[in-house]
Amino acid sequence: MEPDEYTDQIPKSLGFRMPAEWFPHQGTWLAWPSNEETWTTGLECVQDRFVEIIESLADGEKVYLLVDSEGELRNAETRLDRIGVLRPSVGLHIIPTADAWIRDYGPNFLIRSTGRNIELGCNDWIFNAWGDKYPDLTADSRIPEAISNSLKVPRFEPGIVLEGGSIDVNGDGLCMTTRQCLLNPNRNPHLTTEQIEWYLTRFLGIHRVIWLNRGIVGDDTDGHIDDIARFTDPSTVVVALEEDPKSLNFLPLQENYQLLVEIAEKEQLFRVVTLPAPEPIFSTEGPLPASYANFYIGNKVVLVPTFNQDSDQRALDILGPLFPGRHVIGIDCTDIIQGMGTIHCLTQQQPYSGPISILNAHRRSASREALNPKS
């Protein structure tokens, strides 16, 4: 693809961009966990945590939940009914999925302003199950088309492999990612760094890519950014930092931290805040990618994975002041992490679309809540 061809198919040329995760949501998409091979310790506990996630989000936004069948729909409805979370707070859609990691295979939503309205679109990147590691999960590559058809929004096809967890944007032109993931031969071996930046710039509506190096040990996604560094506002980045020099994560996380600090000091693009790394967690097959950076920013809450460790509270205390007006909630992910991911991996935000006047009213309300936070 060359820039002068396909301009009518390139989001940036049409005024679309990917907003930051804290931009007001229309709702959050999740896929009900049903793959027993992912969570060999049992689906029951994982589904309990899903109910907790949905309950936490539903007060501030709609939750769109994909279920595999009528039977799973009734199962989810029964569990949600017990805690008083009912329609229309949750919209259930019978769209079968191979697994629950909708962050990576789901649509990457975009917005554009037409003067009086915010319009919605999405990117449908190629999903090859994290470098062809899990061929039976590539069936989820059809989910963006199914959702975009349901929403009746334009769908763009960049034509390269990319998962949603590999990118993070600040809504002001910056995108973070890692070389380990996007430059991995199991993704797009025919593309150079400059060519990948071309795609990111034009399909996300950004102007600058910040490259970190490696992800954490045990991450089968080959270094997704959402386990190591995240924007919390246009000018703040939180980064995971391992304090134990004996840890296998010590050097990779130090490298990423130093890269961000160098950019912060030289270019003053953002400030850098560190997050602790949890103690190592293992499955029978090896280390698991536990990280406090895998949080999700909802309209009213920030959901943070916790692991029954002393460092949990430290992470919550660090993140709390970074999100005024939102309630920072820890979600026990000791069962979920057995599937090789946590909360951010399981969620996909759909930004607000509709009249700008309503959006502005939402922002004024959010500002008042930030000034007068609930105890």
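Bear in mind these aren't lab numbers, they're just calculated from the coordinates by the rules spelled out. Quick caveat: nothing in here was measured; it's all calculated off a predicted structure. A quick note on method: Cβ atoms are made from the backbone with ideal geometry, for glycine too, and the neighbour counts reach across all protein chains shown.
Under a model in which nothing but the beta-carbon of Lys, Arg (+1) and Asp, Glu (-1) is charged, the chain shows a dipole of about 1580 debye around its Cα centre. Count Lys and Arg as plus one, Asp and Glu as minus one, and take only other residues whose Cβ is under 12 Å from that of residue 223; the net charge is then -4. Rounded to the nearest 0.05, what FRET efficiency is calculated for residue 308 and residue 87 with R0 set to 41 Å and r the Cβ-Cβ distance? My answer for the efficiency is 0.80.
In the range 164-265, the ratio of gyration radius to Kirkwood radius, Rg to Rh, stands at 0.96 when only Cα atoms are counted. With 0.36 nm allotted per residue and the present C-alpha distance subtracted, the residue 274-residue 9 stretch has 91.5 nm of extension available. For residue 247, no residue whose modelled amide H falls within less than 5 Å of its own remains once neighbours fewer than 5 places apart on the same chain are excluded. Can you find, among 89, 337, 358, the residue farthest towards the positive end of the dipole of the chain? Put +1 on the C-beta of Lys and Arg, -1 on that of Asp and Glu. The residue sitting farthest along the positive end of the dipole is 358. Amide H to amide H, with H built 1.01 Å from N, residue 328 comes under 5 Å of 302, counting only residues 5 or more places away or on other chains. Annotation for the range 9-51: GluC sites (Glu not before Pro) lying in DSSP loop with at most 13 further Cβ atoms inside 10 Å of their Cβ are 36, 37. In sequence order, the range 255-268 has phi-based couplings of 4, 5, 4, 5, 4, 5, 4, 4, 5, 4, 6, 7, 10, 6 Hz under the Karplus curve 6.51 cos²θ - 1.76 cosθ + 1.60, θ = phi - 60°, and Gly or Pro positions carry x. For the range 80-93, putting each phi into the Karplus relation 6.51 cos²θ - 1.76 cosθ + 1.60 with θ = phi - 60° gives couplings of 6, 4, 4, 9, x, 9, 10, 4, x, 4, 10, x, 9, 10 Hz, in residue order, rounded to whole numbers and with x for Gly and Pro. Here's the picture: charge each Lys and Arg Cβ at +1 and each Asp and Glu Cβ at -1 in the range 7-371, and of 154, 294, 76 the one pushed furthest to the positive end of that dipole is 154. Restricting the range 210-248 to trypsin sites (Lys or Arg not before Pro) that sit in a DSSP loop and have at most 12 other Cβ atoms within 10 Å of their own Cβ leaves 246. With the biggest extent put first, the Cα atoms of the range 7-371 measure 49, 49, 48 Å across the principal axes. DSSP assigns beta bridges within the range 7-371; of those with both partners inside it, close to 45 percent run antiparallel. Amide hydrogen proximity for residue 118: with H placed 1.01 Å from N in the peptide plane, the residues at 5 or more positions away or on another chain lying under 5 Å are 354, 356.
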